[in-house]
1. Give me, ordered by chain and number, the residues 5 or more places off residue 452 or on other chains with an amide H under 5 Å from its own placed amide H.
2. Might you report the magnitude of the Cβ-based charge dipole of the range 352-502 about its Cα centre, with Lys and Arg at +1 and Asp and Glu at -1, to the nearest 20 debye?
3. So if the hydrodynamic radius of the range 277-355 is defined as the Kirkwood radius over C-alpha pairs, what does Stokes-Einstein give as its diffusion coefficient at 4 °C and 1.567 mPa s, in µm² per second?
4. Where does each of 138-146, 543-551 land if you order them by average Cβ count within 10 Å, highest first?
5. Report the rotationally averaged projected area of the range 82-152 based on its alpha-carbon convex hull, in square nanometres.
6. Report, to two decimal places, the Cα Rg of the range 262-405 normalised by 2.2 N^0.38 Å (N = number of residues).
7. Report the equivalent ellipsoid semi-axes for the range 27-107 in whole Å, largest first, defined as the square roots of five times the eigenvalues of the gyration tensor built from alpha carbon atoms.
8. Quick one: P(r) of the range 359-402 from all Cα-Cα pairs, 5 Å bins, percents rounded to integers, in order of increasing distance.
Amino acid sequence: MQKSQLSSLLERTNLFTLKQVAELLPAVAEAGADFTETVVEKSGVKEELFLEKLAEAMTLPFMRLKQAEIAEEILSKVPPKAVFQYNIMPVAEENGVLEIATANPLQPGLIDAMRLVTGGRIKLALSPASDIEAAAKRLYGVGAETLDRMMQDDNRIDLDGESLMKQDLNDLDQEASVVKFVNQIIWEAHQNRATDIHIEPMEIDLRIRYRIDGVLHQTPVPATLKRFQSSIISRIKVMANMDIAEKRLPQDGRISLRIQGEEIDVRVSTMPTVYGESVSLRLLLRGSGMIGMDQLGLSPEDEKVLKRMITRPHGILLCTGPTGSGKSTSLYAWLHTINSVDKRIMSAEDPIEYEMAGVNQVQMKPEIGLTFAHALRTFLRQDPDVIMVGEIRDRDTAEIAIRAALTGHLVFSTLHTNDSAGSINRLLDMGIEPFLVASSVEGIVAQRLIRRLCPACRKAVEIDATKREFLKGEGFPMEALETQPIYEPVGCDDCRGSGFNGRTGIYEILIIDDRIRPLIINRAASSEIKREALKHGLRTLRDDGWRKVLAGVTTVEEILRVSEEDEEEV
């Protein structure tokens with residue numbers, strides 16, 4: 001398009017002065033296919049507003065597509081490769097004319113290319129690029145263009161079983177290989193802040209789910225994905241240095257890869273199921289685990305208490321909670337806070353999730369006898385000041401940890417229990433003498449992870465009489481509602497429509513003091529220990545959760561989802 005036409009088009013949007021048009025024109029004229037992107041970047045105007053005004057100037061329809069439902073017969077008019085290559089989306093057909101949404105109507109050859117692909121007449125509509133991208137992934141599936149090319153390639157090598165051992169997958173055409181698809185799945189999960197990817201064979205399809213902020217979300221994938229199940233799973237096993245011929249037994253592996261400048265570590269686990277091997281991938285972004293105490297979500301009072309506990313010269317500090325409650329992250333934060341050149345810190349981990357400079361980290365290998373208990377015994381001969389044990393799983397590990405604490409070492413570890421007081425009984429059930437627990441354990445931190453409300457789109461919610469009655473029954477501090485609103489999720493581009501963005505923790509810190517130690521020695525029930533602690537200021541997980549609801553961090557429903565109602569009344 002000539003400069004005079006571009007100038008006229010920009011003027012007709014009524015968004016720019018003549019001076020601004022003159023300044024934009026050189027960059028826009030060079031941009032070609034990136035017309036909209038260039039205007040938005042150079043002018044600072046929002047893409048949605050610009051496209052809306054551009055549509056009026058060009059007498060084209062403007063539409064939002066993120067949640068649009070488009071008929072299957074319309075989608076089939078344009079192959080996935082063209083959809084993803086041009087970032088366009090077929091939306092409707094009327095009288096033999098196919099309507100296609102684009103964010104860049106001035107792409108050279110776009111209409112001609114679409115006519116060639118569809119064999120019919122084309123008309124354009126405008127929609128934001130992010131809407132089109134989201135709709136394409138939702139309706140065609142992640143990696144649809146890659147599978148489309150593989151389906152069309154008559155000479156495609158069967159990437160199953162032994163052929164993978166003989167063929168370097170990197171030598172294959174990247175546009176038509178399973179390598180690209182696997183990378184797309186991992187990169188898509190990373191972009192969505194997923195911590196896990198689950199590839200699950202079903203009877204007639206292959207399901208892929210991402211765990212985002214602790215909740216599983218099914219990922220739309222092409223209907224033909226099941227056909228490539230063996231190829232995809234074999235590729236992942238090759239990347240993780242697993243035995244691809246062994247499909248009868250579970251296997252574990254690890255992948256280190258770099259995608260678009262990001263270093264990502266992936267822990268891989270396979271499990272044989274009825275319809276093939278199920279694969280779970282845990283994504284670990286290098287360096288992201290090194291967070292400080294101030295980023296854990298602790299209240300100022302709890303942070304002060306915890307900092308005092310982790311700087312003691314000796315004793316055991318336990319972090320408890322179910323799998324996926326952020327215990328490892330907390331342990332790393334504690335170590336990161338006290339890590340200094342004058343402290344010798346040793347850790348026994350299974351697995352080592354993040355490498356920490358200055359800490360002697362040891363990977364457990366039970367198959368050769370290197371267990372937590374064995375590592376701990378050796379640590380005591382290594383002159384440590386601080387010892388971290390990934391998890392106390394058995395009596396041997398517990399006894400050695402206690403011996404370490406009683407001989408002048410500070411020990412951090414985790415337990416799988418539901419609350420802080422329950423950890424005492426867990427240790428006693430392992431066969432540890434009560435007086436040893438009472439004299440060695442200094443504190444217990446129970447925690448859960450909750451999803452944070454997206455600050456860009458959260459909205460205050462009205463509290464009606466029914467909800468007030470419900471909240472009162474759940475122990476909510478009702479008096480605070482007079483001055484502080486509570487919020488609910490909405491969904492926007494920043495949070496990808498979920499209403500939540502990231503996670504934080506809620507905490508319950510039980511200090512083992514002279515009031516609690518006699519109860520432990522007398523083997524008191526965990527409920528009695530908790531009741532005594534509540535009398536002297538223990539704040540439960542739910543109490544901490546309600547504080548975060550009133551601070552606008554999360555929702556009532558989120559706290560109810562992750563915490564249990566306290567059975568004992570003070």
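No lab work stands behind these numbers, since they all come straight from the coordinates. Just so we're clear, the structure is a prediction, and the values are computed from it rather than from any experiment. For neighbour counting, all protein chains shown are included, and Cβ atoms are generated from backbone atoms with ideal geometry for every residue, glycine included.
1. HN-HN under 5 Å from residue 452: 501, 502, 503, 504.
2. Its charge dipole is roughly 180 debye.
3. For these conditions, the coefficient is 90 µm²/s.
4. 138-146, 543-551
5. 4.8 nm²
6. So the Cα radius of gyration is 1.15 times the expected 2.2 N^0.38 Å.
7. Equivalent ellipsoid semi-axes, largest first: 25, 14, 12 Å.
8. Going from the shortest bin to the longest, the percentages are 5, 22, 36, 26, 10, 1.
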